[in-house]
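Participant: Sharing a structure here in structure tokens format.
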Amino acid sequence: MDKKFAVPRGTSDILPDRVLLWERLETAARRVLKSYGCREIRTPMYEETALFKRSLGQTSDIVNKQLLALAAAKEEGYALRPEGTAAVVRSYLENSFDKNELLSKFFYIGPMFRGERPQKGRLRQFHQIGVEAIGIDGASAFLDAEILALAMHLLEEFGVQGPKLKINSLGSREDKEHISAWLRAELGKYKSDLCENCRSRFEGNVFRVLDCKNEFCKKVVRAVMGGQKGLPLSESSLDYFKSVQNTLENLKINFEVSPYLVRGLDYYTHTVFEITAQGLGSQDAVGAGGRYDRLVHDLGGDGKTKFGGIGFALGIERIFLAAGDTAAPVQSLDVFVVATQAQDAFGLAQQLRRAGISADMGFSAASFKSQMNRANKLNARFALILGEEELKNKSAAVKNMQTSVQEIVALENIIEYLRKALS
Ligand code: ATP
Ligand code: MG
């Protein structure tokens, strides 16, 4: 026998029952996102590889190890999108939002692709709900707090258990350079003992050593950072970070300042954050994000050094894990048409659908009983029975599947009858 095909490793089918849960989540997400003035944007599933390299950074794990290229696309220099920010900023510039709006707030919902080692909560194709607020009007502690509030609002709406917000500040671009030099000098004293990963990140992105999970690296980091409350930020960056915290406090949003939180991507500046939740095991982040004050400039917005942005992405699969099992909604059908011959049911089913009444029917010469079973399985509210007698009288027997009450209705009145009965 030929081999059976299976869903690719690290991906999954979302089957019809689950899709109803996804649909409900997406509807709730769109409602909340729109209430913050965000507008939906849909960018392609793949982009130029160079876009990801320039925005996320050559040394980020995503670019280094996790970009998924499809053979044909790879030759032309494309890769499947591992995240959403780079493409949104690309589109923002390409479509001149920078020239026409002081601040643009976008959201997206869709699949992302990373060449990960699959495990619980870690897939190769997963889905994110993301937000990006970009513009010249964008460097505001209020905006940072608003975007953080939005992320928490969404998680609350989805019923995620015990969400915990951790924030930190990486400072401005200039701060980051000073801090990198400082970290290289301090951590450098222990360089040969750091884990392999950290040694290789040392030149490219020394910040990553701060959130390394290796026990020895953690000890070194604690020794180096021990005397400090956080990263050595400039005064203005520190003021900015304090006003973000004050604004969050005013909004009564609980958070924790986590001095070792750095996030792995080059484009982050100032505020960075991560949200963890209960019930996720070792992959406990449901979402993360941060401010990116030079990304617009770096992606070709010439002279646009004042264009700031902030965004986040929430992982939908992890949201479901963290929200626990909720009863899946059921898809019901208004009418199932039962007939001895498909040709008797066919035109009527189509007529009902055109009238906005959902309808289905059997296509083979199945027994009356098995057709009624199928009507039950499909959660039909009514069975419309076209027996010989009924057909002769240009009528149908309409059976209410819940009450089992049956009535004979003339076919010419059937739509009117059903509309009333269904409302
Ligand atoms: P992690 O630390 O778990 O690797 P990350 O820092 O790579 O996460 P981000 O790039 O910030 O994650 O993506 C935001 C969110 O997207 C994560 O918090 C998570 O919920 C989700 N996510 C990221 N990678 C995956 C994946 N491979 N499978 C499922 N969800 C993911
Ligand atoms: Mg990751």
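The values are calculated or read from the model by the stated rules, or taken from the named source; none is laboratory data. Please read these numbers as outputs of a predicted model, since none were measured by experiment. So basically every Cβ, Gly included, is an ideal-geometry build from the backbone, and we count neighbours across all protein chains shown. Note: areas computed on protein heavy atoms with side chains; ligands, DNA, RNA excluded. Shrake-Rupley method; radii C 1.70, N 1.55, O 1.52, S 1.80 Å.
Participant: I need the helices of the chain that pass two filters: whole DSSP H segments spanning 27 Å or more by Cα along the axis, and mean Kyte-Doolittle score no lower than 1.0.
Facilitator: none
Participant: Points 7 angstrom from Cα along the Cβ direction at residue 379 and residue 30: gap in nanometres?
Facilitator: 1.9 nm
Participant: Then there's this: Within 10 Å of each candidate Cβ there may be at most 12 other Cβ atoms; applying that plus a DSSP loop requirement, which GluC sites (Glu not before Pro) in the stretch 1-91 survive?
Facilitator: 76
Participant: May I ask you to list the chymotrypsin sites (Phe, Trp or Tyr not before Pro) in the stretch 317-354 that are in a DSSP loop and have at most 13 other Cβ atoms within 10 Å of their Cβ?
Facilitator: none
Participant: Using a 7 Å offset from the Cα along the Cα-to-Cβ direction at both residue 367 and residue 306, what is the distance between the two label points in nm, to one decimal?
Facilitator: Simple spin-label model gives 8.0 nm for this pair.
Participant: Taking 1 over the mean of 1/r across every pair of different Cα atoms in the chain, what Kirkwood radius in Å do you get?
Facilitator: Numbers: mean 1/r = 0.0400 Å⁻¹.
When all Cα pairs of the chain are included, the Kirkwood radius is 25.0 Å.
Participant: Taking a temperature of 4 °C and a viscosity of 1.567 mPa s, what whole-number D in µm²/s does Stokes-Einstein yield for the stretch 1-40 with Rh from Kirkwood over alpha carbon pairs?
Facilitator: Approximately 100 µm²/s, per Stokes-Einstein.
Participant: Could you state the orientation-averaged shadow area of the convex hull built on the Cα atoms of the stretch 333-422, in nm² to one decimal? Could the numbers behind the result be given before it?
Facilitator: Numbers: hull surface 20.0 nm².
Result: 5.0 nm².
Participant: Please list, ordered by chain and number, the residues whose modelled amide H lies under 5 Å from the amide H of residue 269; skip anything fewer than 5 residues away on the same chain.
Facilitator: Hits under the 5 Å cutoff: 291, 292, 293.
Participant: Could you provide, to the nearest whole Å², the per residue accessible area of the chain with probe 1.4 Å? Mind dumping the intermediate values first?
Facilitator: Numbers: 22010 Å² over 423 residues.
Value for the chain: 52 Å² per residue.
Participant: Now for a different question. Run through every distinct alpha carbon pair of the stretch 102-180 and return the Kirkwood hydrodynamic radius in angstroms, one decimal place.
Facilitator: About 15.6 Å, per the Kirkwood formula over Cα pairs.
Participant: Something else about it: Tell me the Kirkwood hydrodynamic radius of the stretch 28-92 in angstroms, computed as one over the mean inverse distance between distinct C-alpha pairs.
Facilitator: Result for the stretch 28-92 stands at 13.0 Å.
Participant: Suppose the Debye formula is applied to equal point scatterers at every Cα of the stretch 1-117; what is log10 I(q)/I(0) at q = 0.14, 0.17 Å⁻¹?
Facilitator: -0.78, -1.04
Participant: Take residue 161 and residue 14, extend 7 Å from each Cα along the Cα→Cβ direction, and tell me the distance between the two endpoints in nm.
Facilitator: 2.2 nm
Participant: Further, regarding this structure: Select from 35, 258, 332 the residue whose mean-square fluctuation is largest in a Gaussian network model of the chain (Cα-Cα springs shorter than 10 Å).
Facilitator: It is 332.
Participant: Given a 1.4 Å probe and every protein chain left where it sits, what share in percent of the accessible area of the chain is carbon and sulfur? The partial results should precede the final answer.
Facilitator: Values: 10710 of 22010 Å².
Whole-percent figure for carbon plus sulfur exposure: 49.
Participant: Which one, 246, 168, 413, has the greatest fluctuation when you compute a Gaussian network model over the chain with C-alpha springs under 10 angstrom?
Facilitator: Of 246, 168, 413, the most mobile in the Gaussian network model is 413.
Participant: Separate question: With 19 Å as the limit, write out which pairs from 213/242; 34/164; 176/306 have Cα-Cα distances beyond it, or answer none.
Facilitator: In this structure, 213/242; 34/164 lie more than 19 Å apart at Cα.
Participant: Would you kindly state how much longer the chain becomes between residue 203 and residue 250 on full extension, computed as 0.36 nm times their sequence separation minus their alpha carbon distance, in nm to one decimal? Mind showing how you got there, number by number?
Facilitator: Numbers: separation 47, 0.36 × 47 = 16.92 nm, distance 3.96 nm.
Here the segment from residue 203 to residue 250 would lengthen by 13.0 nm.
Participant: Something else about it: Select from the stretch 368-405 those trypsin sites (Lys or Arg not before Pro) which occupy a DSSP coil region and have at most 14 other Cβ atoms within 10 Å, ordered by residue number.
Facilitator: Answer by residue number: 394.
Participant: Can you show me the helix-derived [θ] at 222 nm for the chain, built from DSSP H runs with n ≥ 4 at -39,500 (n - 2.57) apiece and divided by the number of residues, rounded to the nearest 500.
Facilitator: -11500 deg cm²/dmol
Participant: Additional query: Given the Cα-Cα distance of residue 23 and residue 215 and 0.36 nm per residue of separation, how much length would full extension add, in nm? Could the numbers behind the result be given before it?
Facilitator: Values: separation 192, 0.36 × 192 = 69.12 nm, distance 4.18 nm.
Value of the extension gain: 64.9 nm.
Participant: Sort out for me the Cα centre separation of the stretch 261-317 from the stretch 38-62, rounded to whole Å.
Facilitator: The stretch 261-317 and the stretch 38-62 have Cα centres separated by 12 Å.
Participant: Report the residue, chosen from 70, 93, 280, that carries the largest GNM mean-square fluctuation when the chain is represented by alpha-carbon nodes joined by springs under 10 Å.
Facilitator: Of 70, 93, 280, the Gaussian network model singles out 70 as fluctuating most.
Participant: Could you tell me what percent of the DSSP beta bridges with both partners in the stretch 333-422 are antiparallel, to the nearest 5?
Facilitator: Expressed as a percentage, antiparallel bridges in the stretch 333-422 total about 50.
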